[in-house]
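What follows is a short report on a single structure.
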Amino acid sequence: MVDSNNDNLFAQPVIQSPFQFDDKVAAVFPDMIKRSVPGYSHVLHNIQLLASRFIQPNSKCYDLGCSLGAVCLAMSYGNHRSGVEIIGVDNSSAMIEQCQNNIDSFKHTTPITLLSDDISQITCENASMVVLNYTLQFIDPSLRIQLLKSIFDAMLPGGILVISEKLIFRDANINKLMIDLHHQFKRENGYSELEISQKRNALENVLVPETMEAQLKRLQDIGFDQVSCWNQQLNFASFIAVKS
């Protein structure tokens with residue numbers, strides 16, 4: 001999305017502590033996610049296409065866990081309807097500060113408002129599109145269904161929810177294979193064994209993935225009528241859920 005510093009946060013031995021979206025991460029985030037998440041740019045492109053199809057006039061669109069604003073901008077570029085407001089929310093003040101700089105640097109026509117807040121505490125309303133792009137996995141698992149129910153209740157008929165997540169797999173052999181392939185993806189993008197190991201340890205119990213089956217069933221149980229995985233690359237997937 002923007003030029004950024006190279007991600008070398010784990011290139012040297014560090015005292016292990018839980019991963020945080022602090023100012024150091026914000027400074028290298030575009031490089032980090034590009035080199036760590038297979039298909040990230042493809043997901044962003046299709047969020048823009050989905051926005052062009054699903055955003056409704058005089059409605060609100062939410063990017064929950066907006067990080068540096070890539071999804072906010074994708075929705076803005078895809079929107080061609082009037083009276084629309086895009087709201088980006090993130091609980092990291094460092095992310096919000098850099099996000100505002102990014103939003104101000106790119107030409108876009110849809111108003112974008114940024115909020116520094118906990119996404120599980122905000123109240124969405126009149127929503128035609130909501131995106132949780134690699135965000136739900138950082139929410140306490142016991143709070144996820146409550147958050148998704150509140151989003152469902154806030155959505156207009158015909159509205160779309162997009163969720164992108166890291167996955168685990170029920171079959172232990174498949175799960176190990178996907179982890180190994182993901183680590184190879186990171187190696188091919190220049191990460192060392194030390195960086196891969198230290199990053200994984202930092203994310204332990206911070207990023208808590210779920211199976212694809214659990215993701216889809218929960219969305220159906222909440223009340224979404226049209227639910228599907230539309231994209232999967234290795235152990236990362238993106239889902240759509242449409243409210244009738």
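Net charge in the neighbourhood of Tyr191 (other residues with Cβ under 13 Å of its Cβ; Lys, Arg +1, Asp, Glu -1) is +1. Counting every other Cβ atom within 10 Å of each residue's Cβ, Leu9, Leu181 order from fewest to most as Leu181, Leu9.
With a/c under 1.5 counting as rounded, go ahead and sort the stretch 81-224 into rounded, prolate or oblate using the C-alpha gyration tensor (a ≥ b ≥ c being the square roots of the eigenvalues; past the cut-off, prolate if a/b is larger than b/c, else oblate). Oblate is the answer for the stretch 81-224, as a/c is 1.5 or above yet b/c matches or exceeds a/b.
Using the Cβ of Ala237 as centre and a radius below 12 Å, the other residues enclosed give a net charge of -2, where K and R count +1 and D and E count -1. In the structure shown, do any of Lys166/Lys243; Lys60/Lys199; Lys24/Lys186 have a Cα-Cα gap over 30 Å, and if so which? Violating the 30 Å limit, Cα to Cα: Lys60/Lys199. Summing +1 for each Lys or Arg and -1 for each Asp or Glu among the other residues whose beta-carbon sits under 11 angstrom from that of Ala94 gives -3. Given R0 = 35 Å, the distance between the Cβ atoms of Ser228 and Asn201 translates into a calculated FRET efficiency of 0.55. Between Cys61, Cys72, Cys124, the Gaussian network model of the chain with springs among Cα atoms under 10 angstrom shows the greatest mean-square fluctuation at Cys124. Highest mobility in the GNM of the chain, judged by mean-square fluctuation with C-alpha springs under 10 Å and restricted to Leu203, Leu167, Leu148, is found for Leu203. Hey, in the GNM for the chain with a 10 angstrom Cα cutoff, which one of Gly190, Gly78, Gly159 fluctuates hardest? Looking only at Gly190, Gly78, Gly159, the biggest GNM fluctuation is shown by Gly190.
All of the numbers you see were taken from the coordinates with simple rules; none came from a lab. In this text, all values refer to a predicted model and were calculated from it rather than measured experimentally. A quick note on method: Cβ atoms are made from the backbone with ideal geometry, for glycine too, and the neighbour counts reach across all protein chains shown.
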